[in-house]
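The values are calculated or read from the model by the stated rules, or taken from the named source; none is laboratory data. In this text, all values refer to a predicted model and were calculated from it rather than measured experimentally. A quick note on method: Cβ atoms are made from the backbone with ideal geometry, for glycine too, and the neighbour counts reach across all protein chains shown.
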Amino acid sequence: MFFSELGAQTCCSGGVPTANNLGLPIANSKTIQFALNYDVNALNTLKTGSEKLESGSRSRLTHTLMLQTGFSLTERVSFDFFVPWIRQEREIKFLGKVSDFTTTNGLGDLVLLGKYSLIKKELKSQFLTIAAGVKAPTGSSSKINNNGLPLNADLQPGSGAWDGIFLFDYQQALGFRKSMTAFVRTILTLKGINDNYLGQNTYQFGTEWQGFFGVSDRILIGKNIIDPSLAVRFRNAGADRFNGGAQTGTGGRWAFLNPSINFWKTQNFSFSIGGDIPIFSYVKDTQVTPTFRFNTGIFYRISLKDDKNNLPNFSI
């Protein structure tokens, strides 16, 4: 009975931004890279299918601090390690007044990603990278509310399951402007099963696919190097499954405009800002969906050898 009542409160889609932040820039061998990003994702738009409902009764806000490190073992082989810290907030209003406000905080699920560059032609600015990795269930999936009752899966910092992650990244300089690059990135996440959900149940998030299609450029203003980029991000998520059955109020399709800009202070240090602007969404049943997303961060790299090559390529 408890789970049925929670299901009626409407799930949300697209809270924790793990998959769309994965993958550090292409680097030369014996290079260590660090990225620290802060992401805030506001889900204040209530929809049924593609129809927007006139309701301000439900809202979600997800804050994520993400540390990502990477090491390029050779010119073609590299490894990335990703760890998020997550704060989720859910607010429910009744008759214009807050009737329920719930927050959770904690370490999220860690990701280890191994990458291999099939094509790496720096003179032609052509790169093709494939990657595979796992998301380990290091985050808590058993947080409780103030009444001592377990919270929904979508409010937990962790999923309680092992996931498989597969990435494809292609970049190609455009002939009419060598500093401009077109890129395609796809990420597939196969979700595992949490077999200890609410103590004696199983829960599985829906399989997720994301695709980025866009262009980036490199502009020199005085002594400053700036990399602006513009992409369209598509996301498709299958329905979650509770005890093997499809869970209502989960899954859907989304499209976002994804502008960003990267400022290089030195050859090895930069900071960036970006975000998501929703342009289309279709959700199953009734859900709150993203209203806006903002992301900012810093990047630093250390070369373990004397390397004076060009700056790494930042497409996304």
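What strands (runs of 3 or more DSSP E) lie completely within the range 181-248 and have 1 or more residues being in contact (Cβ under 8 Å) with a residue 12 or more places away in the chain, surrounded by 20 or more Cβ atoms within 10 Å (Cβ to Cβ) and within 21 Å of the chain's Cα centre (by Cα)? Give the steps one after another, and end with the answer.
On the way: elements: 194-197, 201-204, 208-216, 219-221, 224-237.
The qualifying strands (runs of 3 or more DSSP E) are 194-197, 201-204, 208-216, 224-237.
Suppose we keep only residues that are among the aliphatic types (A, V, I, L, M) and either more than 19 Å from the chain's Cα centre (by Cα) or assigned to a loop (DSSP other than H, G, I, E, B) (or both) within the range 139-160. Which one would you say is nearest to Gln247 (Cα to Cα)?
Of all residues in the range 139-160, those among the aliphatic types (A, V, I, L, M) come to 144, 149, 151, 153, 155.
Within this subset, residues satisfying the condition of being either more than 19 Å from the chain's Cα centre (by Cα) or assigned to a loop (DSSP other than H, G, I, E, B) (or both) are 144, 149, 151.
Details: Ile144: 21, Leu149: 20, Leu151: 15 Å.
Top of the filtered list is Leu151.
Output the residue which, of all residues in the range 290-316 that are more than 16 Å from the chain's Cα centre (by Cα) and surrounded by fewer than 14 Cβ atoms within 10 Å (Cβ to Cβ), is modelled with the lowest pLDDT.
First, the residues of the range 290-316 that are more than 16 Å from the chain's Cα centre (by Cα): 298-314.
From what's left, surrounded by fewer than 14 Cβ atoms within 10 Å (Cβ to Cβ): 302, 304-306, 308-310.
Numbers: Ile302: 94, Leu304: 88, Lys305: 78, Asp306: 63, Lys308: 52, Asn309: 50, Asn310: 47.
So the residue we want is Asn310.
If we scan the range 213-221, do we find a residue that is modelled with pLDDT of 95 or more and hydrophobic (A, V, I, L, M, F, W, C)?
Yes, the range 213-221 contains at least one residue that is modelled with pLDDT of 95 or more and hydrophobic (A, V, I, L, M, F, W, C).
Go through the range 57-84 and count every residue that is in contact with a Gly (Cβ under 8 Å, 6 or more places away or on another chain), surrounded by fewer than 16 Cβ atoms within 10 Å (Cβ to Cβ) and not β-branched (Val, Ile, Thr).
1
Does Ile26 qualify as being touching a strand residue (DSSP E or B) at 6+ places or on another chain (Cβ under 7 Å), over 30 Å from Gln171 (Cα atoms) and touching a residue at least 40 places away in the same chain (Cβ under 8 Å)?
Values: touching a strand residue (DSSP E or B) at 6+ places or on another chain (Cβ under 7 Å): yes; over 30 Å from Gln171 (Cα atoms): no; touching a residue at least 40 places away in the same chain (Cβ under 8 Å): yes.
Here the answer is no, as Ile26 does not meet what is asked.
Tell me which of these Ser140 doesn't satisfy, since it passes every other one: (1) surrounded by fewer than 14 Cβ atoms within 10 Å (Cβ to Cβ); (2) without any contact (Cβ under 8 Å) to a residue 40 or more places away in the chain; (3) among the polar types (S, T, N, Q).
With (1) surrounded by fewer than 14 Cβ atoms within 10 Å (Cβ to Cβ); (2) without any contact (Cβ under 8 Å) to a residue 40 or more places away in the chain; (3) among the polar types (S, T, N, Q) applied to Ser140, the lone miss is (1).
Considering only residues of the range 254-289 that are in a strand (DSSP E or B) and of a type in the set (D, E, K, R), which is nearest to the chain's Cα centre (by Cα)? Please lay out each step first, then the result.
Residues of the range 254-289 in a strand (DSSP E or B): 254-264, 269-289.
Retained after the next criterion (residues that are of a type in the set (D, E, K, R)): 276, 284-285.
On the way: Asp276: 11, Lys284: 21, Asp285: 23 Å.
Checking each candidate, the answer is Asp276.
Quick check: is even one residue across the range 161-173 within 23 Å of Phe242 (Cα to Cα) and either among the basic types (Lys, Arg) or outside any strand (DSSP E or B) (or both)? Walk me through it before giving the result.
Kept after step one, since they are within 23 Å of Phe242 (Cα to Cα), are these residues of the range 161-173: 161-165.
Then drop every residue that is not either among the basic types (Lys, Arg) or outside any strand (DSSP E or B) (or both), which leaves 161-162.
The answer is yes; a qualifying residue exists.
Scan the range 61-115 residue by residue and report those that are part of a strand (DSSP E or B), of a type in the set (Ser, Thr, Tyr) and closer than 21 Å to Phe299 by Cα.
Narrowing the range 61-115 to residues part of a strand (DSSP E or B): 61-72, 77-94, 97-107, 110-115.
When the remaining residues are screened for being of a type in the set (Ser, Thr, Tyr), the result is 62, 64, 69, 72, 78, 99, 102-104.
Those that are part of a strand (DSSP E or B), of a type in the set (Ser, Thr, Tyr) and closer than 21 Å to Phe299 by Cα: Thr64, Thr69, Ser72, Ser78.
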